[in-house]
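Accompanying notes for the structure given below.
The values are calculated or read from the model by the stated rules, or taken from the named source; none is laboratory data. Please read these numbers as outputs of a predicted model, since none were measured by experiment. Neighbour counts are summed over all protein chains in view; Cβ atoms, including those assigned to glycine, are modelled from backbone coordinates with ideal geometry. Surface areas here come from the heavy atoms of the whole protein model, side chains and all, with no ligands, DNA or RNA. Shrake-Rupley method; radii C 1.70, N 1.55, O 1.52, S 1.80 Å.
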Amino acid sequence: LALALMQTGKHHEAKNALDKALEIDPNDKVTFFNLGVMYQNLSDLDQAEASYRRGLQLRPSDAKGHAGLAMILWEHPAKRMEALEELDHARRLDPLEPAHDVTKAVFLWYDRGDVHSADALLRNVLQRLPDYQPAVVRFGELNMCCMSNIAEGIRYFERALQLDPLAHFPRRSLVGGYL
């Protein structure tokens with residue numbers, strides 16, 4: 001319920017629902033992770049971080065919790081190394097989840113300009129899951145903008161649109177590639 005309320009912009013109602021959930025079970029890690037998402041949406045990164053950390057205290061083996069915390073930490077430039085460590089920890093806990101590698105690729109590429117590491121991570125995901133749309137999109141973007149391989153980028157963006165015809169980012173990127 002709280003997530004549905006957040007998606008419709010009813011943050012106050014979502015907060016009330018999450019507070020009620022904590023009254024019922026003050027040690028529910030899911031509630032703390034949902035609070036983290038809510039605070040992140042409200043740009044209260046300190047509260048988001050505290051909520052994720054509390055959830056991880058209650059369930060340290062939650063890969064999604066570590067990945068969520070990484071997203072929050074990444075917003076603080078001084079905490080970016082810790083964000084990468086959290087992503088690596090999430091991957092060790094759930095090595096089959098491709099989102100961890102895609103997120104790490106984007107972090108390394110955008111922050112450090114480490115195109116080669118991003119390329120390796122994305123290629124690995126695409127070898128395992130060739131239809132994983134987030135990796136297809138990011139690989140197209142990487143090829144088009146950073147590897148001077150516009151034709152390859154276009155090919156991946158076209159594939160991304162086959163996988164999700166309503167996706168805006170690959171469509172806009174294709175316009176640029178075609179031009």
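So the values come out like this:
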item	result
Spans of helices (runs of 4 or more DSSP H) in region 40-104 with at least 3 residues open to solvent by 40 Å² or more (accessible area, probe 1.4 Å) and among the basic types (K, R)	80-93
Evaluation of A21 against (1) within 25 Å of L93 (Cα to Cα); (2) modelled with pLDDT under 90 (one fails), failing number	(1)
Residues located in region 127-146, provided they are open to solvent by 20 Å² or more (accessible area, probe 1.4 Å) and closer than 23 Å to G177 by Cα	P130, D131, Y132, Q133, P134, R138, E141, M144, C145, C146
Exclusive hit being in contact with a Phe, Trp or Tyr (Cβ under 8 Å, 6 or more places away or on another chain), surrounded by 15 or more Cβ atoms within 10 Å (Cβ to Cβ) and outside any loop (DSSP other than H, G, I, E, B), set L122, L108	L122
Some residue of region 23-39 being part of a loop (DSSP other than H, G, I, E, B), hydroxyl-bearing (S, T, Y) and out of contact with any His (no Cβ under 8 Å at 6 or more places or on another chain)	no
